[in-house]
Amino acid sequence: MRQSLHILFISALILLVSSCNKKEAETPIDPATGCTNCTPSSATSFIGFLKAGTYTTTAALSSSTIISRVSAFFSGTATNMPSTVNSVSVNAVFFNNDTLKYIGAPYYYCNYLPVNLSSETWSVTGSGTIPSFTFKNLKEKPSFAGIGALPDTVKKNIGFAFVINDLKNITAASVFISDGLSTPSVFSKLLVLGSDTLTFSAENLSALNTSTNAIITIFMENSFGITVEGKDMKMSNEASYSKRVVIKN
């Protein structure tokens, strides 16, 4: 349960920051996607956000835990991130033929059971200003193989640095460190184009509490826009890799 809450917290927080680490060139939408009413979009605000992600957490002396999650959000007006303001519902949302559940505030549709992300087909039965469409997301999923390079222990009065050089298939990425408490303190940094070393100074870590349940998370997305009947949607493949660490003074 704590891990699921951590993932939801980080997923919400990532929406507050945006930067590009590696931009892919936009290509025409493949007719094989089945989206007969879609065209590529370069918009920066959207009325729909459809996300599929895999979230991996490792801890010392234990195997990794992997959670798969999908979600959809719709807004009555274009916005750059989901918000309860202007959020709207639709008639139905399906992911690979599985019905997503409407969970109310903050007005997301999501899955409660694990989903298979080997293929990604979204079907939306629209309502009001939200059009109906079916779209197969053919974009690659983000990946990161260097989780072992993250420290096991972090000292607040010293800080830490680590090398990041094996991120793949991303349009944006950030690193978060959380003290993992019930009301966590979190500090984040964006990864920028061409960077390979990320440093967290003592000043960066000053607001974090000492903790044996702290978490460092690398959060990535590979996203792009589509236009459906004049309405812009953001399609995202997400991935995060988290490592449990100890924060000391």
Original post:
If we keep just the residues of segment 98-115 that are among the aromatic types (F, W, Y) and assigned to a strand (DSSP E or B), which is modelled with the highest pLDDT?
Top reply: Y109
Original post:
How many residues are surrounded by fewer than 23 Cβ atoms within 10 Å (Cβ to Cβ) and either under 16 Å from E140 (Cβ atoms) or aromatic (F, W, Y) (or both) when one looks only at segment 38-50?
Top reply: 1
Original post:
Of the residues that sit in segment 150-172 and are part of a strand (DSSP E or B) and within 19 Å of the chain's Cα centre (by Cα), which one is surrounded by the most Cβ atoms within 10 Å (Cβ to Cβ)?
Top reply: A172
**OP:** Kindly indicate whether F176 is under 15 Å from the mean Cα position of the chain (by Cα) and among the aromatic types (F, W, Y).
**Re:** yes
**OP:** Give the residues of segment 183-196 that are of a type outside the set (A, V, I, L, M), over 16 Å from the mean Cα position of the chain (by Cα) and modelled with pLDDT of 90 or more, sorted by residue number.
**Re:** T183, P184, S185, F187
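Each row is one residue, and each column tells you yes or no for (1) within 25 Å of G34 (Cα to Cα); (2) touching a strand residue (DSSP E or B) at 6+ places or on another chain (Cβ under 7 Å).
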| residue | (1), (2) |
| --- | --- |
| S127 | yes, no |
| I130 | yes, yes |
| L138 | yes, no |
| S143 | no, yes |
| V154 | no, yes |
Subject >> Residues (part of a loop (DSSP other than H, G, I, E, B) and over 18 Å from R69 (Cβ atoms)) located in segment 116-139 >> reply: G126, G128, T129, P131, S132, L138
Original post:
Which of the strands (runs of 3 or more DSSP E) contained wholly in segment 173-247 include at least 2 residues that are of a type in the set (G, A, S)?
Top reply: 211-228
Original post:
Looking only at segment 196-222, which residues are touching a residue at least 60 places away in the same chain (Cβ under 8 Å) and within 28 Å of N80 (Cβ to Cβ)?
Top reply: I215, I216, T217, I218, F219, M220, E221, N222
Original post:
Which members of segment 203-233 meet the condition of being under 14 Å from G53 (Cα atoms) and either more than 15 Å from the chain's Cα centre (by Cα) or of a type outside the set (S, T, N, Q) (or both)?
Top reply: I218, F219, M220, E221
Original post:
If you take the residues in segment 112-131 that are under 24 Å from V88 (Cα atoms) and in contact (Cβ under 8 Å) with a residue 40 or more places away in the chain, which one is farthest from the chain's Cα centre (by Cα)?
Top reply: G128
Original post:
When you scan segment 66-89, how many residues do you find that are surrounded by 14 or more Cβ atoms within 10 Å (Cβ to Cβ), part of a strand (DSSP E or B) and of a type in the set (S, T, Y)?
Top reply: 5
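With the condition kept exactly as written, say whether any residue in segment 148-171 is free of Cβ contacts under 8 Å to residues at least 60 places away in the same chain and within 28 Å of N86 (Cβ to Cβ).
If we filter segment 148-171 for residues that are free of Cβ contacts under 8 Å to residues at least 60 places away in the same chain, which is where we start, we get 148-149, 158-166, 168.
Now restrict to residues that are within 28 Å of N86 (Cβ to Cβ): none.
No.
The values are calculated or read from the model by the stated rules, or taken from the named source; none is laboratory data. None of the values given here were measured: they were computed from a predicted structure. Glycine gets a Cβ as well: all are built from the backbone with ideal geometry, and neighbour counts include every protein chain shown.
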